[in-house]
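Accompanying notes for the structure given below.
The values are calculated or read from the model by the stated rules, or taken from the named source; none is laboratory data. This structure is a prediction, so every number in the text was calculated from the model and none was measured. Positions of Cβ are backbone-derived with ideal geometry, glycine not excepted, and every protein chain shown enters the neighbour counts. Heavy atoms of the whole protein, side chains included, go into the accessibility calculation; ligands, DNA and RNA do not. Shrake-Rupley method; radii C 1.70, N 1.55, O 1.52, S 1.80 Å.
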Amino acid sequence: MDYNILMEKAIEVSKNAYIPYSKFPVGACVLTENEKIYTGCNFENASFGLTICAERNAIGSAIADGERKIKAIAIYSPNTDNCYPCGACRQVLYEFKSDNGIDVILKQGDGLTFHKIEELLPEGFNL
Ligand code: THU
């Protein structure tokens, strides 16, 4: 799978973000081990703590479709270069990492940058 396609889908879905409070749109696109693709955007709430991040929205769609292993995720915000996932989303991604980990794909200018989930979350929590 071409990671540029994942980023294009993350960019597209970021346009649907519901962000009346932060005005900070985020889009995410997950690629699973079965080569399936799921997108998600952030959506906020008047009770601020109930906000759902784009990454967890996309991961939730993958899980609801029966997927369990994530190979890659592209994350995008028009507001910043390299929109890194928050700590909560790093831990949620860690739960569903494939045997080769997860490639986290970010956008920097016209290019992409890459990180592994275990680099972004060393010693993630496991049971
Ligand atoms: N946000 C995400 O969607 N993903 C992250 O990893 C960090 C933060 C959203 C939540 C909120 O709607 C907005 O960005 C500002 O925090």
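In nm, give the distance between the simple-model label positions of Phe125 and Asp65, each being 7 Å from the Cα along the Cα-to-Cβ direction.
2.8 nm
How much accessible surface area, in Å² rounded to 10, belongs to the heavy atoms of Phe24 with a 1.4 Å probe?
For Phe24, solvent-accessible area is about 70 Å².
Quick check on the chain: take the gyration tensor over C-alpha atoms, sort the square-rooted eigenvalues as a ≥ b ≥ c, and tell me if it's rounded (a/c under 1.5), prolate or oblate.
rounded
Give me the lysines in straight-line cross-link reach of Lys71: C-alpha distance below 22 Å, same-chain residues under 8 apart excluded.
The reachable lysines, counting only those whose Cα sits under 22 Å from Lys71, are Lys9, Lys36, Lys97, Lys107, Lys116.
Ordering Leu120, Leu93 by how much accessible area each has at a 1.4 Å probe, largest first, what is the list?
Of Leu120, Leu93, the descending order of accessible area is Leu120, Leu93.
Mind grabbing the accessible area of Lys36 for me, 1.4 Å probe, Å², rounded to tens?
Approximately 80 Å² for this residue.
Would you tell me the accessible area of Tyr38, worked out with a 1.4 angstrom probe on the heavy atoms of the protein chains, in Å² to the nearest 10?
Here the accessible area works out near 30 Å².
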